[in-house]
Amino acid sequence: MTLASPGLRGCDRLEYQGPFPDGDGPLPWIGYVGSMTPDPILDHPIISERYFFPRDTPLPNAVMVEVPGAKLACWRSAPPTDRPVLLHFHGNGEVVADWAGQLTGAVQRMGFEVFYGEYRGYGASTGTPMLGAMLDDVPAIVEAVGVPPEQIVVFGRSVGSIYAIEAIHRFPSMRGLVLESGIHDVLERLALRLHPDELGCTAAELQHAVSRRLDHGMKLGGYTGPCLVLHAEQDHLVGVHHAIANHRAVASKTKRLVRFPRGDHNSIMGANMESYMTELARFLAAVGS
């Protein structure tokens with residue numbers, strides 16, 4: 001099933017849907033002390049409008065994480081315990097509710113609980129998506145998971161890879177990193193949707209802003225934990241060269257790149273369900289002990 005809003009082009013569209021989380025329980029609030037100073041380039045309204053594809057979706061039993069200027073509607077499979085947790089950042093055009101069904105049960109059977117991080121303006125969150133500000137939301141989301149970073153494996157799909165990579169950059173002791181259909185060169189992605197003139201800056205200024213805060217090579221080069229990179233050979237949105245570059249950049253000696261011959265950016269899981277879940281299960285088994 002395609003879940004993106006009609007007419008959206010070049011965004012992630014999850015092509016499966018699991019059961020929706022049940023219940024209408026209370027909304028726990030988790031606050032994060034901080035201040036938001038918008039980046040004049042990365043948080044420019046044009047980037048927010050053209051790069052992100054949010055949609056409103058109710059989320060029963062949401063864990064509301066407060067960040068400067070917004071409240072993020074996240075979701076957890078269980079209260080914090082001594083079990084390891086998969087912190088999941090979804091792709092563009094998707095919301096937490098798309099994932100908090102079938103994936104949750106599968107990951108729990110692998111010995112992990114799941115915490116789904118949400119973005120500003122997506123799902124039941126408030127606020128507006130902002131590329132730079134959302135990097136600064138990552139510590140609040142990690143804190144909301146409720147367990148030490150050493151107990152967390154972070155998973156980033158597509159645009160979610162930006163925030164998963166930010167997580168291991170800020171918390172390099174995290175137990176593991178999974179990048180699915182992930183982005184290496186953020187500037188390349190932005191250049192497909194806008195021109196620096198529209199942001200009131202030069203090409204050099206845009207490049208500097210991106211390299212200053214979104215240098216994935218640098219961030220991955222500082223991470224030595226286990227890493228799994230999953231990508232479809234026929235990904236038409238984020239080419240497989242991004243996966244190759246991410247795999248090459250990560251400093252870990254325990255890393256694996258899996259290039260699926262079937263599927264594309266939006267069907268990678270559905271077209272490779274058995275092998276996809278096997279790779280994930282093996283990785284989580286290896287890092288979960």
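Residue count for region 172-203, restricted to those that are surrounded by fewer than 19 Cβ atoms within 10 Å (Cβ to Cβ) and in contact with a Pro (Cβ under 9 Å, 6 or more places away or on another chain): 6. Residue count for region 229-266 under the criterion of being under 18 Å from Val159 (Cβ atoms), touching a residue at least 40 places away in the same chain (Cβ under 8 Å) and under 18 Å from the mean Cα position of the chain (by Cα): the result is 13. The set of residues in region 261-289 being touching a helix residue (DSSP H, G or I) at 6+ places or on another chain (Cβ under 6 Å) and surrounded by 18 or more Cβ atoms within 10 Å (Cβ to Cβ) consists of Gly263, Met269, Tyr276.
Could you check region 110-152 and list, in sequence order, the residues that are among the β-branched types (Val, Ile, Thr), farther than 16 Å from Ala78 by Cα and either at pLDDT below 95 or out of contact with any Ser or Thr (no Cβ under 9 Å at 6 or more places or on another chain) (or both)? Of everything in region 110-152, those that are among the β-branched types (Val, Ile, Thr), farther than 16 Å from Ala78 by Cα and either at pLDDT below 95 or out of contact with any Ser or Thr (no Cβ under 9 Å at 6 or more places or on another chain) (or both) turn out to be Thr126, Val138.
Scanning region 98-115 for residues that are in a loop (DSSP other than H, G, I, E, B) and either buried (at least 23 other Cβ atoms within 10 Å of the Cβ) or of a type outside the set (Gly, Ala, Ser) (or both) yields Ala100, Met110, Phe112. Test Ala73 against the criterion of being part of a strand (DSSP E or B), small (Gly, Ala, Ser) and touching a strand residue (DSSP E or B) at 6+ places or on another chain (Cβ under 9 Å), and give yes or no. Considered against the rule, which asks whether it is part of a strand (DSSP E or B), small (Gly, Ala, Ser) and touching a strand residue (DSSP E or B) at 6+ places or on another chain (Cβ under 9 Å), Ala73 comes out as yes.
Considering the conditions (1) within 15 Å of Phe52 (Cβ to Cβ); (2) surrounded by fewer than 24 Cβ atoms within 10 Å (Cβ to Cβ), Glu118 is excluded by exactly one of them, (2).
The set of residues in region 121-145 being among the small types (Gly, Ala, Ser), in contact with a Phe, Trp or Tyr (Cβ under 8 Å, 6 or more places away or on another chain) and either assigned to a helix (DSSP H, G or I) or surrounded by fewer than 24 Cβ atoms within 10 Å (Cβ to Cβ) (or both) consists of Gly121, Ala140, Ala144. Taking the criterion of being over 26 Å from Leu190 (Cα atoms) and surrounded by fewer than 20 Cβ atoms within 10 Å (Cβ to Cβ), the only residue of region 222-250 that qualifies is Thr224. Candidates are the residues of region 52-63 that are buried (at least 20 other Cβ atoms within 10 Å of the Cβ) and out of contact with any Gly (no Cβ under 6 Å at 6 or more places or on another chain); the one that is farthest from Ala144 (Cα to Cα) is Phe52. Across region 75-93, the qualifying residues are those that are more than 7 Å from Phe115 (Cβ to Cβ) and of a type in the set (D, E, K, R), and the one among them that is surrounded by the fewest Cβ atoms within 10 Å (Cβ to Cβ) is Asp82.
The helices (runs of 4 or more DSSP H) found entirely in region 186-289 that carry 3 or more residues being under 23 Å from Asp137 (Cβ atoms) are 186-191, 203-213, 216-221. Taking the criterion of being within 24 Å of Glu166 (Cβ to Cβ) and within 20 Å of the chain's Cα centre (by Cα), the residues of region 277-289 that qualify are Glu279, Leu280, Phe283, Leu284, Val287.
The values are calculated or read from the model by the stated rules, or taken from the named source; none is laboratory data. This structure is a prediction, so every number in the text was calculated from the model and none was measured. As a convention, Cβ positions derive from the backbone with ideal geometry for all residues, glycine included, and neighbour counts pool all protein chains shown.
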